[in-house]
Amino acid sequence: MGLSIRRHLNIMGLRTTKLIGMFWGESFPFYYVSEYPRSGGNWLGGMIADYLRLPFPSHSVFPYGCAAVLHNHWGYSPRLRRVYYIFRDGRDVCLSMYFFCLRGLVSEQPGERRYYAKRLGNLQIGDITPANCALNLPEFIRCWVKTPFGCKISWADHVKQWAFDRPNVVPISYEQLSEDCEGALARILPVHTNEPVERERLRATIEKFSFQKISGRQQGKSDPFSFYRKGIVGDWRNHFTRSAGEVFHQLCGQTLIDLGYEQDASWLDELSDVPASRSDEAETTLS
């Protein structure tokens, strides 16, 4: 099946599943893990599905109609219930998407390579070193906000829809999960399950979905061509220059403040004209 045909079928399947969830989702029931792309939704969704012993369907071309945990990048709807919304520092989200797009440039799928080559056509991408990342990040941030990847709206708009005082939505940050995964899951799971958490079962799930288990690497050790690139909090500090920070602040800075990641724009003062990391990623040329 061609890549474009399968993508359209996936989109149709997701749209139909969302409609089913909006009107009949409680009958199964559905649990939802909503996120902006690259915020940790696959990690959270996998753990919730494993703990609840429910399917966690991925890239299905058919709509779903049984109890399941559904991962999505949908816009907010008050009809969706049992939602866990995971959000993440937008600077890390943007950086993660940057490397995800570079991964697309060397995909084994010709259609995927063409798509990312077209989307990144204005960038001077020759390798994946920090210096090249610093050169491209300001323009990439503008592209990421204006014409998002994998979502119809920007990170800031998506977060505004979901993260603040929505009924039936439990917000959780990627950073909270990273710092105390057991504590965070023990807090949020009962909100929608109405059942006490079985700690031993929960610990087994967390271990199963640890970064080392799913990536085969220690957390912090980078593989820029892996879906799970690095798995750490705050990696943006290694790559953002002053120019990148100013663009991000102009477009998304207020959302960082609203989420509590920053109190004001003073974080820009810590940035310089060169990236903090000079050897973080492999010296690999894209071709």
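The values are calculated or read from the model by the stated rules, or taken from the named source; none is laboratory data. Please read all numbers here as calculations on a predicted model, not as lab measurements. Cβ placement follows ideal geometry from the backbone for every residue including glycine, while neighbour counts extend to all protein chains displayed. Surface accessibility is based on the protein's heavy atoms, side chains included, excluding ligands, DNA and RNA. Shrake-Rupley method; radii C 1.70, N 1.55, O 1.52, S 1.80 Å.
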Quiz item: Can you tell me which residues in segment 58-97 are over 15 Å from the mean Cα position of the chain (by Cα), free of Cβ contacts under 8 Å to residues at least 40 places away in the same chain and buried (at least 18 other Cβ atoms within 10 Å of the Cβ)?
Solution: VAL69
Quiz item: Pairs, please: C-beta under 7 Å, at least 6 apart or cross-chain, first residue open to solvent by less than 50 Å² (accessible area, probe 1.4 Å) and in segment 258-275, second polar (S, T, N, Q)?
Solution: LEU271/THR241; PRO275/ASN238; PRO275/THR241
Practice problem: Kindly state which helices (runs of 4 or more DSSP H) lie completely within segment 124-243 and contain at least 1 residues that are modelled with pLDDT of 95 or more and closer than 27 Å to PHE28 by Cβ. | Solution: 155-162, 174-179, 181-193, 199-208
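Please verify whether segment 111-123 includes one or more residues that are free of Cβ contacts under 8 Å to residues at least 60 places away in the same chain and of a type in the set (Phe, Trp, Tyr). Let's see the steps before the verdict.
So the first thing to find is which residues in segment 111-123 are free of Cβ contacts under 8 Å to residues at least 60 places away in the same chain, and the list is 113-123.
Those still in the list that are of a type in the set (Phe, Trp, Tyr) too: 115-116.
Within segment 111-123, one or more residues are free of Cβ contacts under 8 Å to residues at least 60 places away in the same chain and of a type in the set (Phe, Trp, Tyr).
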Quiz item: Out of segment 9-54, which residues are assigned to a loop (DSSP other than H, G, I, E, B), open to solvent by 50 Å² or more (accessible area, probe 1.4 Å) and over 19 Å from LEU185 (Cβ atoms)?
Solution: PHE28
Exercise. For ARG82, state whether it is touching a His at 6+ places or on another chain (Cβ under 9 Å), among the basic types (Lys, Arg) and closer than 22 Å to LEU44 by Cβ.
Key: yes
Quiz item: Of the residues that sit in segment 246-257 and are farther than 18 Å from GLU175 by Cβ and either touching a residue at least 60 places away in the same chain (Cβ under 8 Å) or of a type in the set (Asp, Glu) (or both), which one is surrounded by the most Cβ atoms within 10 Å (Cβ to Cβ)?
Solution: VAL247
Quiz item: What number of residues in segment 163-177 are β-branched (Val, Ile, Thr) and more than 15 Å from the chain's Cα centre (by Cα)?
Solution: 2
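Within segment 106-116, restricting attention to residues that are assigned to a helix (DSSP H, G or I) and more than 18 Å from PRO148 (Cβ to Cβ), which residue is most open to solvent (accessible area, probe 1.4 Å)? Even if it seems obvious, please write down each step before you answer.
The initial filter retains those residues of segment 106-116 that are assigned to a helix (DSSP H, G or I), namely 110-116.
Next, from what is left, pick out any that are more than 18 Å from PRO148 (Cβ to Cβ): 110-111, 113-114.
Numbers: PRO110: 60, GLY111: 25, ARG113: 89, ARG114: 156 Å².
Per the stated criteria, the residue is ARG114.
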